[in-house]
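Structure first, then comments.
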Amino acid sequence: MEFTLVCTRINVLVLLLALSSPCTFIQSPMDFGQLNFLQTTTTASLDFGRIFFNSPSAVLRPQSPKEILQLLSFLSAPSFSKVTVAARGAGHSIHGQAQAVNGIVIEMDSLPPSIEIHRKRDGEPGFSYADASGGTLWVELLKESLTHGLAPRSWTDYLYLSIGGTLSNAGISGQTFKYGPQISNVLQLDVITGKGELVTCSPTESSGLFHAVLGGLGQFGIITSARILLQDAPQKVKWVRAFYEDFGIFTNDQELLISMTDIVDYVEGFVVLNEQSLHSSSIAFPSHLGFMPQLQSGTSHVYYCIEFAIHFYQEKDSNPDKLVKEITKQLNFMPSYIYSVEVSYFDFLNRVRMEEMSLRRRGLWDVTHPWMNMFVPKSGILQFRDLLLDNISPTTFEGPILIYPILRDKWNPNMSAVLPERGSEHGDKVLYIVGMLRSANPSTCTAECLESLLQQNRRIVETATSPRIGAKQYLSHYCQEQQWREHFGGKWERFLAGKSEYDPLSILAPGQGIFERKYSKWPTTLQSQ
């Protein structure tokens, strides 16, 4: 069905009046030109966190970026509209960041999947890369690139996340120390700004928008396509785990490992609070650990585990066992408590999927997740560890706690993503990622219990972000502008300027809670018609 521009504008106006009115005019799926808005908004009103439930007035499932462009072009025109728009990828935000109360949620997974692999030929300048639509899942890109013997360099631990979603935050995992976050491995973006403009941007073309969008929390535009840097994919991975009793030795050995960027390809670590935390983190590790039989229920002793990995290739004459032996000679783990396995590259990257399947079988995946993620300066990591252990109960805590180092110089400071400023003035290159990935089982945790956990998180964040420790939230959640100002620190003025330039009416990403929607009236000439 075709509509003229006039008809389209009338339909949009009716839609906007319905969304803006205190009365509910939306009774059935709506047609907006050739855009289909759905009445069913259940999925768009929740996320992985299951803490916030904010229902939009409509859901758009676009079949092409052109439909997103059409919507934002109209919403950015002078109007009385109160409508905001949130792009939703895989829905793995924790605090409603991809929700739009009484607004429009764009479900990016409805875009037809599009992945094009470009392999650089020998002697040819440039890089191998993939062009992928913003709603594509990283696991889909991995599968397709592997058929060409290629793969992206930087990952998240969980692959069932959208490309546009992780690039709007940072995208971090155990490869970050070596290759930087995912936002440091992007060559080009197609972005639809809050002004309804489609812009192709890169480090050299419309670079201001490019840097703003990467790590920009969806505030400047919607990523409809990304050009991702690729490298040759390894065939196998040697995956090693070693256990520690002393936190200082644990962190020292982690920092030693991330200094071996020519040998080691992945470094992470986690806290072993109890048997449950050990077993949940070992489902994907295909080896019987038989670790610490003295870890009985009720014990308060805390252990730590380093895991690192080495990639190797069939065509290369490499000996991973020899490399592991050379590396572990320099480490100071608990004697006899080291384990290694050899797995395929895909299985290694997809390791969290196995834990997900286990939790789904037990009905423990679709539960509340009061997660907390932080970037912590090296100088404050011991204080932060103490802060965590003072606020949680090791015997009842459910979920993993990740702690591992990354390198500051692998991040582009021009991008919107925020790292702790503390330590940078002294040239401290190392900082830590901490993820407290707690689950709240509804069968044992009531609403009062959940509120207690959230208050606990807030206390930890408040103390950790104080000058004493100087940490920053990752996947940030704040409710007040002053908190956001403090979060962005020296980047706040640039962030404000970018918002003014690319989304001046603050249409985009209302769930982040950074800016309030602004309004402008129809021009006088249009009002009189």
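The values are calculated or read from the model by the stated rules, or taken from the named source; none is laboratory data. What you are looking at is a predicted structure, and each value in this text was computed from that prediction instead of being measured. Every residue, glycine among them, receives a Cβ derived from its backbone with ideal geometry; neighbour counts consider all protein chains shown.
Contact map, the range 509-529: first residue in the same structural domain as Asn102 (by TED's automatic domain parsing), second residue modelled with pLDDT of 95 or more and assigned to a strand (DSSP E or B), Cβ cut-off under 6 Å, separation 6 or more or different chains; pairs are Ala509/Ala86; Gly511/Ala86.
Restricting attention to the range 460-493, the residues that are over 22 Å from Ser93 (Cα atoms) and in contact (Cβ under 8 Å) with a residue 60 or more places away in the chain add up to 7.
Taking (1) crowded, with 19+ Cβ neighbours inside 10 Å; (2) closer than 26 Å to Ser259 by Cβ in turn, Gly427 satisfies each apart from (1). Here Leu388 clears all of (1) outside any helix (DSSP H, G or I); (2) in contact with a strand residue (DSSP E or B) (Cβ under 8 Å, 6 or more places away or on another chain) except the condition numbered (1).
The one condition from (1) modelled with pLDDT of 95 or more; (2) within 21 Å of the chain's Cα centre (by Cα); (3) under 23 Å from Leu389 (Cα atoms) that Ser476 does not meet is (1). Here Gly196 fulfils each of the conditions (1) surrounded by fewer than 20 Cβ atoms within 10 Å (Cβ to Cβ); (2) in contact with a strand residue (DSSP E or B) (Cβ under 7 Å, 6 or more places away or on another chain); (3) modelled with pLDDT of 95 or more apart from (2). Of the residues in the range 437-453, at least one is among the aliphatic types (A, V, I, L, M), part of a helix (DSSP H, G or I), in contact with a Ser or Thr (Cβ under 7 Å, 6 or more places away or on another chain) and not assigned by TED's automatic domain parsing to the domain that holds Phe210. The number of residues in the range 395-411 that are surrounded by 18 or more Cβ atoms within 10 Å (Cβ to Cβ), in a loop (DSSP other than H, G, I, E, B) and of a type outside the set (Gly, Ala, Ser) comes to 4. Scanning the range 367-379 for residues being in contact with a Phe, Trp or Tyr (Cβ under 9 Å, 6 or more places away or on another chain) and not aliphatic (A, V, I, L, M) gives a total of 6.
For the range 274-282, state whether one or more residues are surrounded by 13 or more Cβ atoms within 10 Å (Cβ to Cβ), over 20 Å from Leu402 (Cα atoms) and at pLDDT 75 or above. Looking through the range 274-282, none of the residues is surrounded by 13 or more Cβ atoms within 10 Å (Cβ to Cβ), over 20 Å from Leu402 (Cα atoms) and at pLDDT 75 or above. None of Ile469, Ile460, Ile514 is crowded, with 19+ Cβ neighbours inside 10 Å and in a helix (DSSP H, G or I) except Ile460. The single condition among (1) farther than 25 Å from Glu356 by Cα; (2) part of a loop (DSSP other than H, G, I, E, B) that Leu187 does not meet is (2). Listed conditions (1) at pLDDT 95 or above; (2) assigned to a loop (DSSP other than H, G, I, E, B); (3) surrounded by fewer than 18 Cβ atoms within 10 Å (Cβ to Cβ) are all met by Val418, apart from (3).
Considering the conditions (1) within 27 Å of Leu278 (Cα to Cα); (2) at pLDDT 95 or above; (3) within 21 Å of the chain's Cα centre (by Cα), Arg459 is excluded by exactly one of them, (3).
Could you please give the count of residues in the range 35-49 that are buried (at least 16 other Cβ atoms within 10 Å of the Cβ), over 20 Å from Thr193 (Cα atoms) and either at pLDDT below 95 or of a type in the set (Gly, Ala, Ser) (or both)?
Initially, the range 35-49 is screened for residues buried (at least 16 other Cβ atoms within 10 Å of the Cβ), giving 35-38, 41, 44-49.
If we keep only those that are over 20 Å from Thr193 (Cα atoms) as well, we get 36-38, 41, 44-49.
Cutting the leftovers down to either at pLDDT below 95 or of a type in the set (Gly, Ala, Ser) (or both) gives us 36-38, 41, 44-46, 49.
Residues meeting the conditions: 8.
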